[in-house]
1. Out of all the residues in segment 315-337, which are modelled with pLDDT of 90 or more and not β-branched (Val, Ile, Thr)?
2. What residue, of 321, 271, is β-branched (Val, Ile, Thr), under 16 Å from residue 331 (Cα atoms), under 18 Å from the mean Cα position of the chain (by Cα) and in the same structural domain as residue 354 (by TED's automatic domain parsing)?
3. Count, please, the residues in segment 359-373 that happen to be over 15 Å from residue 323 (Cβ atoms) and either at pLDDT 95 or above or surrounded by 14 or more Cβ atoms within 10 Å (Cβ to Cβ) (or both).
4. Give me the pairs: first residue in segment 218-235 and closer than 15 Å to residue 358 by Cα, second residue at pLDDT below 80 and outside any helix (DSSP H, G or I), beta-carbon distance under 9 Å, and six or more apart or on different chains, which are they?
5. What are the residues in segment 250-268 that are in a loop (DSSP other than H, G, I, E, B) and over 21 Å from the mean Cα position of the chain (by Cα), if any?
6. Here is a list: 298, 308, 294. Which entry is touching a residue at least 40 places away in the same chain (Cβ under 8 Å), of a type in the set (Phe, Trp, Tyr), surrounded by fewer than 23 Cβ atoms within 10 Å (Cβ to Cβ) and not in a helix (DSSP H, G or I)?
Amino acid sequence: MRRLLFLIRKEFQELRRNPRMFPVIFVAPVVQLAILGYAATTDVKNVPIVVVDADRSPVSRDLIGKFEGSPYFSVVDVTSNDGDVQREIESRRAWMALTIPPGYGDAIRNRRPVTVQIVADGSDSNSAGVGLAYASSLIAEKAAEIALQRRPPGAPTIGSIEARIRVWFNPQLLSQHFMVPGVLALLLMVITTVLGAMSVVREKELGTLEQLNVTPLKRWELTVGKLLPFGVIGIIDVLLVVAVAVLWFEIPLRGSFPLLFGLSLVYLLCTLGLGLFVSTISQSQQQAMMTAVFFFMFPMIYLSGFIFPIENMPAPIRPFTYLIPLRYYLVIVRGIFLKGVGLEAFWKDALLMLGWGVGVLMLATFRSKKTLG
């Protein structure tokens, strides 16, 4: 028993000698629970929807008010141009579109059946399915209200509105089409960030970092020399995962592969820079691994939209998602795979991702001061 107690005491003393581990052990779980407890939700609320009102009548505005008053929808725009629907959905500003045809008000007043169209972005199969169910329910409620108000005394209730549903980009609402492109982003982040962080710290633990200090290499040469091999690994992973997604899982690649490849290189700049930055604030491989996983990867996974839609997160949490490069790359990779859109649809995401990558790489290089940590 005494030997066991001495061994336990030794382990606690080892932890005390490494004060940088305390934030990872005690602070990280509390921060993650505080943030992710609100962000990690499967509820679907505030679904952004664009309304095409070709009737422009009080009756059509009444139907729009039904959606505006629902906690499940957020009307982002009311227009009379059908062409706005594709632009709003491709840019991810809206998940759904409601089209009210001309003559809608006359048909309701004359008790004639009328059809409205609901278009949903099927690239997120779960949110699209739930949103379609909500929209169909609201329209059915409105049809029942109108039928009760307009029917003659003693006449049977007649539904007056029919919803015609169309799903774009993923008509079968297959979850694989949503998840597999996201896995590409996740794998690149995990592999390149961890490898980049661990390699530099391993030099410290083996004592070979001092040999690099006496070389004539400049700071940028050391940075490139350390990160380029893992960049090559990341490039190979991009080609491999895209091939498996298209050939094995039969995920449609509707957009440009060169564009996807080029923006994947920008994303690798972010992940490799993050790995180098983690190495500059870590003294051991264990600390580097735990810092990368608990302080960066877990929050990025939960707050990026990889699993939980950002629009469903509480308003105070959403600003934090703009600090996550995985958010931008997910928009890009899913847009190219499923929607076939070009740079004009997500150039802002690409620019923000490039700025993030350059910024974190400059910060990590500045901290390295040629010693890479």
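The values are calculated or read from the model by the stated rules, or taken from the named source; none is laboratory data. Since the structure is predicted, the reported quantities are computational estimates derived from the model, not experimental observations. FYI the Cβ positions are ideal-geometry reconstructions off the backbone, even for glycines, and counts take in every protein chain you see.
1. 322, 323, 325, 326, 327, 328, 329, 330, 334, 335, 337
2. Criteria check complete, one pass: 321.
3. Final tally of qualifying residues: 9.
4. 223/372
5. Across segment 250-268, the qualifying residue is only 250.
6. Just a single option satisfies the conditions, and that option is 308.
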